[in-house]
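What follows is calculated from the coordinates using simple rules that are stated; it is not laboratory data. Just so it is clear, the structure is predicted and the values come from calculations on it, not from any experiment. Ideal geometry is used to build each Cβ from the backbone, glycine not excepted, and the neighbour counts take in all protein chains shown.
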Ligand SMILES: Cc1cc2nc3c(=O)[nH]c(=O)nc-3n(C[C@H](O)[C@H](O)[C@H](O)COP(=O)(O)OP(=O)(O)OC[C@H]3O[C@@H](n4cnc5c(N)ncnc54)[C@H](O)[C@@H]3O)c2cc1C
């Protein structure tokens, strides 16, 4: 048996695995195992790529805030291109969503009221009368997901780590204090620490290792690209309703990405869009914006994977040496810099550097009934 020895194994090279490996690699020789031919093939390559401070659960918001400066001022040499570009987010309230808008503004940070008329100055296709009130988050931004992901993967290699593509971990066991993962081609990777960053497959990887699953639920979300010509949408904000039943944001300067913000339970798989969800997206979009959709240029779907309480799962399991970095839901990109840093600090039993209030919120042991 060809056994390759490392000091940490990370299973899954999406953004969750990439940031975990990048933060572990300076202190532990790390192998990052990925089943597919390319590292961002699944959810990481399918996101809407927007950073919104007031989005998601309390732990997600704290990790988002803690990640903000990484995007604004990445470490020297991390990326040749900027990781962010400003993109305000506008929450639109049709008449029945005004109480929800007021609640959002009351609990959110940096959310200001804006009149629907002022929104129409930014996005003239907004139908008069669709929204009776609105709010804006001016500090939101577009993220360059590919540059962030590539930067983490480069860090792994620069520290002597290995990115092993086409290496699905198909058998995982613990022996003599080491985790062993046998991959598709028969190679066995071994290390005292294994980080489960397998996204939608997180519970499957845990079961393989004999660790109690968390009850992760992958949920499909659909996205499509439409041509808004003759509108120049390059400077439009992200627009969506407060109830989060649709949103649209500029894509590649001249197009709009539209989503029905769907959350359909799915098994772990290569998610594909459902035509009904595409039709729902178009209908909700056309109700809000005077842009007839004559053709959907491109469509895709991805799995956003949630823990039972929708908070992330970062840290130890009850089984020695087995760690989780899963349950990133709809906020895995915007939380990635801080999530990976926290994971590495927990693996190395170091002080969580100002993130100690987040640790219990994301502790995977809140669900697990592990054997140890
Ligand atoms: C439409 C859509 C819009 C989104 N918008 C945003 C947004 O605006 N902002 C934001 O922050 N987030 C957003 N998200 C969520 C974000 O994309 C996810 O939270 C994030 O990509 C999850 O990353 P991951 O690494 O956990 O999963 P993945 O990227 O799916 O990576 C998991 C990897 O594990 C691999 N794997 C699984 N099993 C094994 C095995 N046994 N051996 C080896 N490899 C294995 C898989 O092949 C996969 O590559 C969006 C998601 C979708 C679908």
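Annotations
- Taking the chain and dividing mean pair separation by its residue count, relative contact order in percent (alpha carbons under 8 Å, at least six apart): 23 percent
- Distance distribution P(r), region 312-357, all Cα-Cα pairs, bin width 10 angstrom from 0: 26, 57, 17 percent.
- Distance (nanometres) between label positions extended 7 Å along Cα→Cβ at residue 103 and residue 359: 3.3 nm
- Segments 306-314, 49-57 sorted - mean Cβ within 10 Å per residue, highest first: 306-314, 49-57
- Computed FRET value (nearest 0.05) for residue 234 with residue 310, which takes r as the C-beta separation and R₀ as 25 Å: 0.15
- Ranked by the mean number of other Cβ atoms within 10 Å of their residues, highest first, the peptides 24-32, 233-241 fall in the order 24-32, 233-241.
- Distribution of pairwise C-alpha distances over the chain, 10 Å bins, in %: 5, 24, 32, 22, 12, 4, 0
- The angle between the Cα long axis of helix 145-158 and the main principal axis of the chain comes to about 20°, on a 0 to 90 degree scale.
- Sequence ranges 334-341, 224-231, ranked by mean other-Cβ count within 10 angstrom, highest first: 334-341, 224-231
- Once Rg and the Kirkwood radius are both taken over the C-alpha atoms of region 137-177, their ratio Rg/Rh works out to 1.22.
- Computed over region 60-141, the ratio Rg/Rh where both radii use C-alpha atoms and Rh is Kirkwood: 1.09
- In Å, descending, principal axis extents of the Cα set of region 230-372: 58, 32, 25
- Angle in degrees between helix 15-24 and the longest Cα principal axis of the chain, rounded to the nearest 10: 50 degrees
- With the Kirkwood sum run over all distinct C-alpha pairs, region 114-256 has a hydrodynamic radius of 19.8 Å.
- Note on residue 295 and residue 185: the extension gain reaches 35.3 nm, defined as 0.36 nm multiplied by sequence separation minus the Cα-Cα distance.
- A P(r) calculated from all alpha carbon pairs of region 195-291, with 5 Å bins opening at zero, reads 2, 12, 19, 17, 13, 11, 10, 7, 5, 2, 1, 0 percent.
- Considering only Cα atoms, the convex hull volume of region 1-140 works out to 170 Å³ per residue.
- Rounded to 10°, Cα long-axis angle of helix 58-72 versus longest principal axis of the chain: 90 degrees
- Whole-Å distance, taken between Cα centres, linking region 149-199 and region 311-372: 18 Å
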